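Okay, structure first, notes after.
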Amino acid sequence: MTEGGRTPVATNTLADVFNVLRRRPDVEAPNLQAWDATDRLLLETAAELGVRGSSLAVIGDRYGALTLGALSVLAPATLRVHQDLVTGERALRLNAAELGMSAAEPAGGGYVQLPLGAELLSGADTVIMQLPKTLAELDETAAAIAQYASPDVLLVAGGRVKHMSLGMNTVLERYFRSVQPQLARQKSRVVLARGIKPAAAPARFPVVEHLAELDLDVAAHGAVFAGPRLDIGTRFLLTFLPAMKPGRRAVDLGCGTGILAAMYARQFPAAAVTATDQSAAAVQSALATAQANGLADRISILQDDALSTFPEASADIVLLNPPFHVGAGVHAGAGLKMIEAAGRVLAPGGELWTVFNRHLPYLPALERHVGPTVVEGQNPKFIVTRSTRRGPRA
Ligand SMILES: C[S@@+](CC[C@H](N)C(=O)[O-])C[C@H]1O[C@@H](n2cnc3c(N)ncnc32)[C@H](O)[C@@H]1O
C-alpha cells in the first residue's frame, strides 16, 4: 500500500467535489484544470449502469476527481486506486482532506492507494479508468486487469475524443470478451469492456530492448516516456558526457527509463547515481534498466516530485531532460520546477546539465536558481547547458 485515506460516508454531489479540486503539488495555472469532462462522464456512466456498492478499482485518476467523485456518488463497498504519478497521489490526499473526506472512519468506506498489481485489482468487479496516453500503457493496464480482476469485471474507460484511437479498442479486445465504444458526449467518450477472455495475453512488461548505439539494454513499463527508445534530446545531451564533472553523488532528475543514469554510472565508475521521477512506471523502468546492465549496485531509484525529499546541497551533478508538456497543454512550469529543485539540491560548485527545446525560456531560470550558465552546444532543435551552482549567498 502507498499512502491512503479512510473516509466518512460522503454526501457531496459531483459538483461539490469538482469545485474544490486542485492540482497541487503539480503545477497550477489558470489554463490547467484538476478535472475534465471525461471524469464526469465516467462517473455518470457508472452510476447509470448501477455499479453502486461494487468492489471498485480506479486507475489513472489525475488529481482525485474519480476517486472522490466515486465515493460521493457510487458508494462503493471498497475503493482501491492506482495513479502513476506521485503528484497525483499527493493531490488526491490533499483534495480529500479539503473535502473533509480523509478522517479515519472504518465504517464509512474510503480509498486505498496502491501500485498496479494484485493488491489493487484482485476481486474487483468494476474498474473505472481514464484512458492513458499511450497504447503501451493501456496494454500493461489491461493485462493487469485481466490477470487479477474478477472474470466478469466491467471496465468503464474513457478519454477526450481527440486523444482516443481505434488502436485502443484493439488493445482492449485482446483481453476482454466484449468492447463497446459509446456515443461521445461533450467531446469525451466512454468505452465499456466486459468479461476477461479465458486465454487473455499474458503481461509482457517491462519490455527490454537493446539500444545498439549506446550498447545499453533499456527496460520500459507502458507509461514511461519514450518507451524503450532513445529520445533525441537525450541523445544530444549524452554527446556531452565526456565533458561532465565526475561527481560522487549524481542525480538523473526525471529519469524515465534511466538511460542518463546508466550512461553516467558507466562513464564515472566512482559515482553513486540516484534515478528519480514522479512516475512509478519510470522509476520501476529505471530500476529494471540498471539491473539489465549490471548497474543495480550503483544506481538507486526514488519516486518523488521534483526532488522534494532530497536534502539541500546533497548532489554534485544533476542531469535533466525536462518535460515541456503538462498534461495535454504545453506549459514550461514543469521544467522550471525541476530547475529550481536542482538548484536547491546541488552543492556549491555542483553542475546541472540540461537539454531543452530552443524556444523554451529556461536560461534566465538556470542563472537565477542554479548559477552561471554556459551553452555547451546547440543544434537546430535543442540547447545543452551547464550551470554551476553558486556558493552560499552572503
Ligand atoms: C523528457 S522526459 C526525460 C526522461 C529521461 N530522462 C530520458 O532522457 O529519456 C521527462 C521526465 O520527467 C519526469 N517528470 C516530470 N515532472 C516531474 C517532477 N515534478 N518530478 C520528477 N519527475 C518529473 C517525467 O515523468 C518524465 O519521465
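The values are calculated or read from the model by the stated rules, or taken from the named source; none is laboratory data. Remember, predicted model here, so these are calculated numbers, not experimental data. Note: ideal-geometry Cβ built from the backbone for every residue, glycine included; neighbour counts use all protein chains shown.
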Scan (1) buried (at least 21 other Cβ atoms within 10 Å of the Cβ); (2) near the ligand (Cβ under 8 Å from one of its atoms) for the single condition residue 289 breaks and write down its number. (2)
When you scan region 98-106, do you find a residue that is of a type in the set (D, E, K, R), part of a loop (DSSP other than H, G, I, E, B), closer than 30 Å to residue 276 by Cβ and in contact with a helix residue (DSSP H, G or I) (Cβ under 9 Å, 6 or more places away or on another chain), even just one? no
Among 146, 136, 142, the single one that is assigned by TED's automatic domain parsing to the domain that holds residue 192, more than 19 Å from the chain's Cα centre (by Cα) and over 25 Å from residue 75 (Cβ atoms) is 146
Which listed residue, of 355, 370, is closer than 13 Å to residue 240 by Cα and either hydrophobic (A, V, I, L, M, F, W, C) or surrounded by fewer than 21 Cβ atoms within 10 Å (Cβ to Cβ) (or both): 355
Could you check region 352-387 and list, in sequence order, the residues that are of a type in the set (Val, Ile, Thr) and in contact (Cβ under 8 Å) with a residue 24 or more places away in the chain? 354, 355, 370, 383, 384, 385
I want to confirm something. Restricting to region 165-222 and keeping residues that are in contact (Cβ under 8 Å) with a residue 40 or more places away in the chain and polar (S, T, N, Q), which single residue is nearest to residue 151 (Cα to Cα)? 182
State yes or no: is residue 121 modelled with pLDDT of 95 or more and either of a type in the set (S, T, N, Q) or out of contact with any Pro (no Cβ under 9 Å at 6 or more places or on another chain) (or both)? yes
Has region 329-341 got any residue that is modelled with pLDDT of 95 or more, touching a helix residue (DSSP H, G or I) at 6+ places or on another chain (Cβ under 8 Å) and within 16 Å of the ligand (Cβ to nearest atom)? yes
Give the residue that is farthest from the ligand (Cβ to nearest atom), with candidates limited to residues of region 86-103 that are aliphatic (A, V, I, L, M) and surrounded by fewer than 21 Cβ atoms within 10 Å (Cβ to Cβ). 103
From the list 106, 30, which residue is modelled with pLDDT under 95, loosely packed, with under 15 Cβ neighbours inside 10 Å, more than 16 Å from the ligand (Cβ to nearest atom) and within 24 Å of residue 160 (Cβ to Cβ)? 30
